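Data first, discussion second: the structure below is written as structure tokens.
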Amino acid sequence: MEGSKKKQKEKTKSSYSLRELTPEITGISKSDYRFDAEYKAVQRIVKVMKKLTNNNEKNMRISKEEKDSFVIITRNLYYMTKNDPTGEGQELFSRMAADEKLTVKEYDKLIKLFKEGFEANPDLPLYKMLLDRVNNEDNFYQLKAEIEQQVNQDINFLFRMESSSQREKRAKEYLAILKESSQLNDWREDVKLDLQEETEILIFEMVRRKAEEYFKKEEETDL
């Protein structure tokens, strides 16, 4: 009778707390003496996941629809940090926690790592965000390779010239084009503006977080 009530409650439940899902994620029951430590480890993982997806919700509950995918993805990250003998998993997680820019290879690893969870719910924001980043980074490195190839090709033309004075002349012309081209200079100014905007956003975000931490401490002091 008690078991059927528990099943009924599970059916009608619309969302779950992180603490409730920790046993499913870690395989450690609430009665285990290690539970609190592993619950904190899961909290750290979810905090990084939220930062990665720009999720600013404070008291996050996991909806019934997202539960299976969430558990799979969080479990995979949990085991990545715990059971990777190479140490690469822990290093990747540390880079994610430090909000460092990840490489295409690292984003690709995350997608492969979370594939099972993504297949359970392909509409998850995490999947779409990671996929977009991988595609953007991949496209950037392809363009970078094309740019380098073009410049190398131009320089190789100069190497084929027999006259050293003519080669020097053409090299100076090429350098002048790179430095003085109005189109390239306009492009450089646009990039500087992009970088400035990104810096301002980062500063704003840092100030906002510090303010939130301050007011949270003030509230706790008042209590």
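A few remarks follow.
- For Lys101, solvent-accessible area (1.4 Å; no DNA, RNA or ligand), Å²: 150 Å²
- Approximate spin-label separation Ser63-Glu189, in nm, with each point projected 7 Å along Cα-to-Cβ: 4.6 nm
- Per-atom-type breakdown for the stretch 15-162 gives carbon and sulfur 49% of the accessible area (1.4 Å probe, protein chains only).
- Summed over the residues of the stretch 15-162 and divided among them, the accessible surface reaches 63 Å² per residue at a probe radius of 1.4 Å.
- Which of Thr81, Thr103 is most accessible, then next, and so on - probe 1.4 Å: Thr103, Thr81
- Accessible area per residue (1.4 Å probe, heavy atoms of protein chains only) ranks Thr22, Thr199 as Thr199, Thr22, with the largest value leading.
- Set Lys47/Lys67; Lys64/Lys115; Lys30/Lys82; Lys30/Lys101; Lys40/Lys109; Lys47/Lys115 screened for pairs whose C-alpha atoms are more than 27 Å apart: Lys30/Lys101
- Surface accessible to a 1.4 Å probe, Asp190 within the full protein complex, Å²: 90 Å²
- Area of Ile147 that stays accessible when all protein chains are in place (1.4 Å probe, Å², to 10): 110 Å²
- If R0 is 45 Å, the Cβ-Cβ spacing of Gln150 and Arg44 corresponds to a FRET efficiency of close to 0.50.
The values are calculated or read from the model by the stated rules, or taken from the named source; none is laboratory data. Worth saying up front: this structure is predicted, and the values here are computed from it rather than measured. Here Cβ is always computed from backbone atoms with ideal geometry, including for glycine, and neighbour counts include all displayed protein chains. Ligands, DNA and RNA are excluded from the accessible area calculation, which covers all protein heavy atoms including side chains. Shrake-Rupley method; radii C 1.70, N 1.55, O 1.52, S 1.80 Å.
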